[in-house]
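K.L.:
The following block contains the structure, expressed as structure tokens.
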Amino acid sequence: MTDIYGTLGPSCASVETLTQMFGAGMTGIRINLSHAGLRASGDRISMIHEAARRACVRPKILMDMQGPELRIGVMAQPVEMTEGERVTFGKEGTGLIPLPSIVLEALTPGREVLLDDGRILAVIVSGDGSRAEAEVLRGGLLQSRKSIAVHGAGICPPTMTEADLSNIRDAAEFGITGIMQPFVRSRQDLIEVRQALQENGAACLELVAKIENRQGLGRLPELLKEADSVCIARGDLGNDMDLWKLPAAQKEISRQCLEAGIPFMVATQMLFTMTSSAVPTRAEVSDIFNTVADGASGVMVTGETAVGSYPVDVIRYLANTAAAGEAFREGGFDAMGLL
């Protein structure tokens with residue numbers, strides 16, 4: 001059976017909504033720890049357990065770590081970035097768009113900067129290591145703590161943060177069943193995470209390696225020796241290559257996982273239009289169907305349930321489409337009962 005994952009967020013932060021989501025087919029849920037730790041999310045996690053109890057479901061609860069993912073800092077208010085205008089990045093507390101020092105040092109003229117999973121694009125015009133000016137090529141509303149990627153910069157932050165270690169220590173108390181490690185770059189990343197799990201009473205957690213860049217893609221065979229499962233995280237992976245090459249990357253990761261006998265899930269924009277629409281597009285349904293027919297053990301939505309308007313309907317479409325993909329995978333066209 002394909003695992004159906006939602007993501008916890010304001011739109012589904014009630015026992016009633018979560019119960020309906022479990023009833024619609026949700027088998028697991030992702031907790032995004034990029035913005036808050038497990039303890040700060042404690043009340044919402046209690047809701048998950050209560051809703052699962054009511055729905056008679058034993059859920060998988062995955063905590064998505066901060067890891068080496070790069071993000072902008074906290075801003076006083078969102079910034080509207082308009083195409084053709086210039087914006088300035090700086091350190092925390094300067095009143096500019098705040099970035100970590102490790103990113104500022106890499107912002108040299110000509111570098112392209114992708115923000116918020118690539119929705120916003122800018123090119124660096126000037127930079128001195130502590131601040132940088134950029135021209136906006138593709139605009140949008142930028143909010144605090146959104147992702148940032150710098151093409152070709154080779155930025156290499158630590159595998160885990162102090163917040164990650166704290167969350168690992170708290171995992172058992174909150175009933176966490178798995179850990180999603182972002183931006184896995186090498187086998188050593190997973191070895192470090194596995195060691196941290198063992199040293200902090202969390203050795204039983206499933207270790208999910210998120211493939212989100214070409215570095216991880218190129219080293220997938222060695223990663224499969226350390227991971228319990230894989231997540232094809234198409235948001236940042238699509239930022240790190242020409243977007244039209246992303247489907248081939250997904251196919252290749254799927255093939256290698258199947259050959260190695262490692263379960264894999266696929267995430268990002270599976271039902272993106274349902275963030276604001278009551279029904280998905282035909283393309284989105286086909287994407288989910290083909291993902292499952294190709295052997296995925298799980299499918300995951302993120303913003304669709306976290307901040308979208310139709311979290312229960314999202315899960316219903318996701319679960320029903322996955323079930324159709326399973327039927328096709330097992331029995332072919334005749335098993336679909338179309339004729």
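K.L.:
What's the magnitude of the charge dipole for the chain around its Cα centre, counting Lys and Arg as +1 and Asp and Glu as -1 at the beta-carbon? Answer in Debye, nearest 20.
P.N.:
Once rounded to the nearest 20, the dipole reads 200 debye.
K.L.:
Charges at C-beta only: +1 for Lys and Arg, -1 for Asp and Glu. How large is the resulting dipole of segment 79-150 about its Cα centre, in Debye rounded to 20?
P.N.:
Around 140 debye, computed over segment 79-150.
K.L.:
Using r as the Cβ-Cβ distance of Met1 and Val123, and R0 as 51 Å, what FRET efficiency do you calculate, to the nearest 0.05?
P.N.:
Result of the calculation: an efficiency of 0.65.
K.L.:
Further question on the same structure: Taking R0 as 25 Å, what's the FRET efficiency between Met336 and Thr281 from their Cβ-Cβ distance, rounded to 0.05?
P.N.:
Step by step, r from the Cβ atoms, then E = 0.80.
K.L.:
I want to make sure I understand the PRE zone here: with the label point 7 angstrom from the Cα of His35 toward its beta carbon, which residues in segment 98-133 have backbone N atoms less than 18 Å away?
P.N.:
98, 115-120
K.L.:
Need the list of lysines near Lys225 for cross-linking: C-alpha distance under 30 angstrom, and skip anything on the same chain fewer than eight residues off.
P.N.:
The reachable lysines, counting only those whose Cα sits under 30 Å from Lys225, are Lys60, Lys210, Lys245, Lys251.
K.L.:
Rank the residues Leu107, Leu190 as a footprinting-exposure proxy: fewest other Cβ atoms within 10 Å of their Cβ go first.
P.N.:
So the ranking, lowest neighbour count to highest, is Leu190, Leu107.
K.L.:
Can you tell which of Val125, Ile102, Met81 lies farthest toward the positive end of the dipole of segment 79-150, using +1 and -1 charges on the Cβ of basic and acidic side chains (Lys, Arg; Asp, Glu)?
P.N.:
With unit charges placed on the Cβ atoms, the residue in question is Ile102.
K.L.:
Between Ala13 and Asp228, what's the calculated FRET efficiency when r is the beta-carbon distance and R0 is 25 Å? Round to 0.05.
P.N.:
For R0 = 25 Å, the calculated efficiency reads 0.30.
K.L.:
I would also like to ask the following. Name all residues of segment 164-181 having a backbone nitrogen under 20 Å from the label point set 7 Å from the Cα of Arg53 along its Cα→Cβ direction, giving them as ranges.
P.N.:
Zone members listed by number: 171-177.
K.L.:
Helix 311-331 versus the longest principal axis of the chain: what angle, 0 to 90°, nearest 10, using Cα atoms?
P.N.:
The two axes meet at around 60 degrees.
K.L.:
Relative to the longest principal Cα axis of the chain, at what angle does helix 187-199 sit, 0 to 90 degrees, rounded to 10?
P.N.:
Here the helix axis deviates by roughly 70 degrees.
K.L.:
Relative to the first principal axis of the alpha-carbon coordinates of the chain, what is the inclination of helix 246-260, with its axis defined by its Cα atoms, in degrees from 0 to 90 and to the nearest 10?
P.N.:
In the chain, helix 246-260 runs at an angle near 50 degrees to the longest axis.
K.L.:
What spacing in nm lies between the two simple spin-label points modelled at Arg169 and Val74, each 7 Å away from Cα in the Cβ direction?
P.N.:
Between Arg169 and Val74, the label points sit 2.1 nm apart.
K.L.:
Does segment 67-133 come out rounded, prolate or oblate by the C-alpha gyration tensor, with a ≥ b ≥ c the root eigenvalues, rounded set by a/c under 1.5 and, if not, prolate when a/b is larger than b/c and oblate if not?
P.N.:
Rounded shape, in that the Cα axes give a/c under 1.5.
K.L.:
May I pose another question? Residue-wise, which Karplus ³J(HN,Hα) couplings in Hz belong to segment 54-59, taking 6.51 cos²θ - 1.76 cosθ + 1.60, θ = phi - 60°, and x for glycine or proline?
P.N.:
Along segment 54-59, the couplings run 5, 8, 6, 10, 9, x Hz.
K.L.:
I need the per residue convex hull volume for the chain, using only the alpha carbons, in cubic angstrom as a whole number.
P.N.:
About 138 Å³ per residue, rounded to a whole number.
K.L.:
When only C-alpha pairs under 8 Å and at least 6 residues apart count, what is the relative contact order of the chain, in percent?
P.N.:
19 percent
K.L.:
Net charge near Gly9, counting Lys/Arg +1 and Asp/Glu -1 over other residues with Cβ under 13 Å of its Cβ?
P.N.:
0
Every number here is computed from the coordinates shown, using simple stated rules; none is lab data. Source: prediction; values computed, not measured. For neighbour counting, all protein chains shown are included, and Cβ atoms are generated from backbone atoms with ideal geometry for every residue, glycine included.
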